[in-house]
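First the structure, which I've put down as structure tokens, then a few questions once you've had a look.
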Amino acid sequence: MDIEQLHDYCLSLPHSSESMPFGDGYIVYKVVDRIFAIMMPDGGEPRLSLKCAPERAEDLRATYPAIIPGYHLNKKYWNTLLLDQHLPPKLLRSLIRHSWNEASAKLTKRVRTELGITPLPEED
């Protein structure tokens, strides 16, 4: 998947939006008000940082050299994907949905109920 496809996929998830609170070069994707992805498309190697359950984060890092601890983020809960190392599109979509699920679970029960937010299937 290229940068534009990843961008479109992140925005296709329910109640997702984008902003640039850190200035140019960082695109932040949120579900309501919770960050689930940060894309760094410029400035060298393109990267995508995603929330991840801690035990899964470690397994992914051990399996894929292109997945590293979160860049300038809490490394326990965030992974950074090096996008020029050609991770499989199916894996990318699955990790984005997992991140969306992790972030949406942190919304209040009231907000989740009002908006009808339920976990997404993590596999295609």
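Give the stretch 32-51 a look and list any residue that's touching a Leu at 6+ places or on another chain (Cβ under 7 Å), over 13 Å from Tyr9 (Cα atoms) and not hydroxyl-bearing (Ser, Thr, Tyr), or say none.
The answer is Val32, Arg34, Glu45, Pro46, Arg47, Leu50.
Looking at (1) closer than 22 Å to Thr118 by Cα; (2) not in a helix (DSSP H, G or I), find the lone condition where Tyr9 falls short.
Every condition holds for Tyr9 apart from (2).
Okay, moving on. Restricting the first residue to the stretch 28-40 and requiring it to be within 14 Å of Ile3 (Cα to Cα), which pairs with a second residue that is modelled with pLDDT of 95 or more and acidic (Asp, Glu) meet a Cβ separation below 8 Å and a spacing of at least six or different chains?
Val28/Glu18; Tyr29/Glu18
Please determine whether any residue of the stretch 66-86 is part of a loop (DSSP other than H, G, I, E, B) and among the β-branched types (Val, Ile, Thr).
Within the stretch 66-86, the subset part of a loop (DSSP other than H, G, I, E, B) is 66, 70-77, 86.
Going one step further and asking which of them are among the β-branched types (Val, Ile, Thr), we end up with none.
No, because not a single residue in the stretch 66-86 is part of a loop (DSSP other than H, G, I, E, B) and among the β-branched types (Val, Ile, Thr).
Which of the residues that make up the stretch 47-63 are surrounded by fewer than 17 Cβ atoms within 10 Å (Cβ to Cβ) and more than 13 Å from the chain's Cα centre (by Cα)?
Quick first cut of the stretch 47-63, residues surrounded by fewer than 17 Cβ atoms within 10 Å (Cβ to Cβ) only: 53-56, 58-59, 62-63.
Of everything in the stretch 47-63, those that are surrounded by fewer than 17 Cβ atoms within 10 Å (Cβ to Cβ) and more than 13 Å from the chain's Cα centre (by Cα) turn out to be Pro54, Glu55, Arg56, Glu58, Asp59, Ala62, Thr63.
Of all residues in the stretch 12-25, which are within 26 Å of Lys90 (Cβ to Cβ) and in a loop (DSSP other than H, G, I, E, B)? So that I can check it myself, show each step before the final result.
Of the residues in the stretch 12-25, the ones within 26 Å of Lys90 (Cβ to Cβ) are 12-18.
Those that are within 26 Å of Lys90 (Cβ to Cβ) and in a loop (DSSP other than H, G, I, E, B): Leu13, Pro14, His15.
Quick grid of which residues meet (1) surrounded by 12 or more Cβ atoms within 10 Å (Cβ to Cβ); (2) modelled with pLDDT under 95:
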position: Ile27; (1), (2): yes, no
position: Val32; (1), (2): yes, no
position: Gly44; (1), (2): no, yes
position: Ala66; (1), (2): yes, no
position: Leu83; (1), (2): yes, yes
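Let me ask another. Checking the structure you have, find out if any residue of the stretch 96-119 is without any contact (Cβ under 8 Å) to a residue 40 or more places away in the chain, within 24 Å of Pro14 (Cβ to Cβ), loosely packed, with under 14 Cβ neighbours inside 10 Å and touching a helix residue (DSSP H, G or I) at 6+ places or on another chain (Cβ under 6 Å).
Among the residues of the stretch 96-119, at least one is without any contact (Cβ under 8 Å) to a residue 40 or more places away in the chain, within 24 Å of Pro14 (Cβ to Cβ), loosely packed, with under 14 Cβ neighbours inside 10 Å and touching a helix residue (DSSP H, G or I) at 6+ places or on another chain (Cβ under 6 Å), which makes the answer yes.
The values are calculated or read from the model by the stated rules, or taken from the named source; none is laboratory data. Predicted, not measured: the structure shown is a model, and the values here were computed from it. Positions of Cβ are generated from backbone atoms using ideal geometry, with glycine treated the same way; all protein chains shown enter the neighbour counts.
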